[in-house]
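S.K.: Pasting in a structure now, in structure tokens, and then I'll have a few things to ask.
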2 protein chains.
Amino acid sequence: MPDDELISAHLQELRRGTVVLACLLILERPDYGYALLDRLERGGFAVDANTLYPLLRRLEKQGLLTSDWNTEESRPRKFYRTSDAGHALADALRRDWRQLDASFKTLDAHAIDSE
Amino acid sequence: MPDDELISAHLQELRRGTVVLACLLILERPDYGYALLDRLERGGFAVDANTLYPLLRRLEKQGLLTSDWNTEESRPRKFYRTSDAGHALADALRRDWRQLDASFKTLDAHAIDSE
């Protein structure tokens, strides 16, 4: 059995790109950082605040998210929303994910055939 | 629409960890680098030789693959095979992938609900 650190490094690598896709899908309904963190976790995409906040700023800079300050409540909060470009990217990533999933299923089927 | 370079960077990130899993699954049946490159491509996991060869050496160093020289043919070739540790890691990654896929399906379903 490989050691835990090695497994965790490889799992991390497998998950890395999925947080971007999950954010773009979730933020079709605008939300602020902390609430998004919670929605990601409940959705099965656990991520650290220290990873998420810089990611949100990067995605905004890339034009994939837009943001607005909500000042109606006592504490102003920055709400992020998926932009049209972000929506288009999410579609491309989602398609790619489905293709990869189909490829893995084919590999599984062959593995069973050859057992 | 985001520009092609941005899309391709995000697709790359989404795919990165999948090549490791694909190699571990495919190399349950031993093969040499060049043939693996071809099996990966036909399997839907296109990857560059310049990416794959260092990756194979890294996975061997991590004990996830073993290798043997086949000297029966005119040109000796190094055959890689998934080790027991590699098999265990592949199981862990496969489980994680399935969970992430289920999470994306749930997100999709919610997206449809709220449309």
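The values are calculated or read from the model by the stated rules, or taken from the named source; none is laboratory data. A quick note: this is a predicted structure, and the numbers were derived from the prediction, not measured. We place every Cβ from the backbone using ideal geometry, glycine too, and count neighbours over all the protein chains shown.
S.K.: Pull out all pairs, ordered by first then second residue, where Cβ-Cβ is under 9 Å, the residues are six or more apart or on different chains, the first lies in the range A:94-115 and is more than 11 Å from residue B:101 (Cα to Cα) and surrounded by 13 or more Cβ atoms within 10 Å (Cβ to Cβ), and the second is modelled with pLDDT of 95 or more and of a type in the set (S, T, N, Q).
M.R.: If the second residue must be modelled with pLDDT of 95 or more and of a type in the set (S, T, N, Q), the pairs left are A:103/B:18; A:104/B:18.
S.K.: Looking at the range B:18-51, which of the residues that are in a helix (DSSP H, G or I) and among the small types (Gly, Ala, Ser) is nearest to residue A:59 (Cα to Cα)?
M.R.: If we filter the range B:18-51 for residues that are in a helix (DSSP H, G or I), which is where we start, we get B:18-26, B:33-43, B:49-51.
If we keep only those that are among the small types (Gly, Ala, Ser) too, we end up with B:22, B:33, B:35, B:43, B:49.
On the way: B:22: 29, B:33: 37, B:35: 38, B:43: 31, B:49: 31 Å.
The selected residue is B:22.
S.K.: Identify, please: which residue in the range A:1-14 is more than 7 Å from every other protein chain (Cβ to nearest Cβ) and more than 25 Å from residue A:92 (Cβ to Cβ) and is, among those, surrounded by the most Cβ atoms within 10 Å (Cβ to Cβ)?
M.R.: Step by step, filter the range A:1-14, then rank; the result is A:9.
S.K.: Something else about it: Output the residues belonging to the range B:80-101 that are outside any helix (DSSP H, G or I) and either out of contact with any helix residue (DSSP H, G or I) (no Cβ under 9 Å at 6 or more places or on another chain) or within 14 Å of chain A (Cβ to nearest Cβ) (or both).
M.R.: Of everything in the range B:80-101, those that are outside any helix (DSSP H, G or I) and either out of contact with any helix residue (DSSP H, G or I) (no Cβ under 9 Å at 6 or more places or on another chain) or within 14 Å of chain A (Cβ to nearest Cβ) (or both) turn out to be B:81, B:82, B:83.
S.K.: Which number in (1) touching a residue at least 40 places away in the same chain (Cβ under 8 Å); (2) over 30 Å from residue A:84 (Cβ atoms) marks the one condition that residue B:17 misses?
M.R.: For residue B:17, the exception is condition (2).
S.K.: Suppose we filter the range B:26-73 for residues that are surrounded by 12 or more Cβ atoms within 10 Å (Cβ to Cβ), touching a Pro at 6+ places or on another chain (Cβ under 7 Å) and over 19 Å from residue B:89 (Cα atoms); how many remain?
M.R.: Summing the residues that are surrounded by 12 or more Cβ atoms within 10 Å (Cβ to Cβ), touching a Pro at 6+ places or on another chain (Cβ under 7 Å) and over 19 Å from residue B:89 (Cα atoms) in the range B:26-73 gives 1.
S.K.: Oh, and also: Please verify whether residue A:104 is within 25 Å of residue B:46 (Cα to Cα) and either assigned to a helix (DSSP H, G or I) or of a type outside the set (Gly, Ala, Ser) (or both), treating the condition exactly as stated. Full working, then the answer.
M.R.: Numbers: within 25 Å of residue B:46 (Cα to Cα): yes; either assigned to a helix (DSSP H, G or I) or of a type outside the set (Gly, Ala, Ser) (or both): yes.
Considered against the rule, which asks whether it is within 25 Å of residue B:46 (Cα to Cα) and either assigned to a helix (DSSP H, G or I) or of a type outside the set (Gly, Ala, Ser) (or both), residue A:104 comes out as yes.
S.K.: Let me spell it out: the conditions are (1) away from every other protein chain (no Cβ under 14 Å); (2) basic (Lys, Arg); (3) touching a Gly at 6+ places or on another chain (Cβ under 9 Å), and residue B:75 meets all of them except one. Which number is the exception?
M.R.: The one condition residue B:75 does not meet is (3).
S.K.: In this structure, does residue A:15 turn out to be within 17 Å of residue B:13 (Cα to Cα), assigned to a helix (DSSP H, G or I) and either modelled with pLDDT under 95 or among the basic types (Lys, Arg) (or both)?
M.R.: Numbers: within 17 Å of residue B:13 (Cα to Cα): yes; assigned to a helix (DSSP H, G or I): yes; either modelled with pLDDT under 95 or among the basic types (Lys, Arg) (or both): yes.
Yes.
S.K.: If we scan the range B:48-57, do we find a residue that is touching a Leu at 6+ places or on another chain (Cβ under 8 Å) and within 9 Å of chain A (Cβ to nearest Cβ)?
M.R.: No, every residue in the range B:48-57 fails to be touching a Leu at 6+ places or on another chain (Cβ under 8 Å) and within 9 Å of chain A (Cβ to nearest Cβ).
S.K.: Pick out the one residue from B:43, B:33, B:17, B:63 that is more than 10 Å from chain A (Cβ to nearest Cβ) and of a type in the set (Gly, Ala, Ser). If you could, list the steps in order and put the result at the bottom.
M.R.: On the way: B:43 fails: more than 10 Å from chain A (Cβ to nearest Cβ); B:17 fails: more than 10 Å from chain A (Cβ to nearest Cβ); B:63 fails: more than 10 Å from chain A (Cβ to nearest Cβ).
Residue meeting the stated conditions: B:33.
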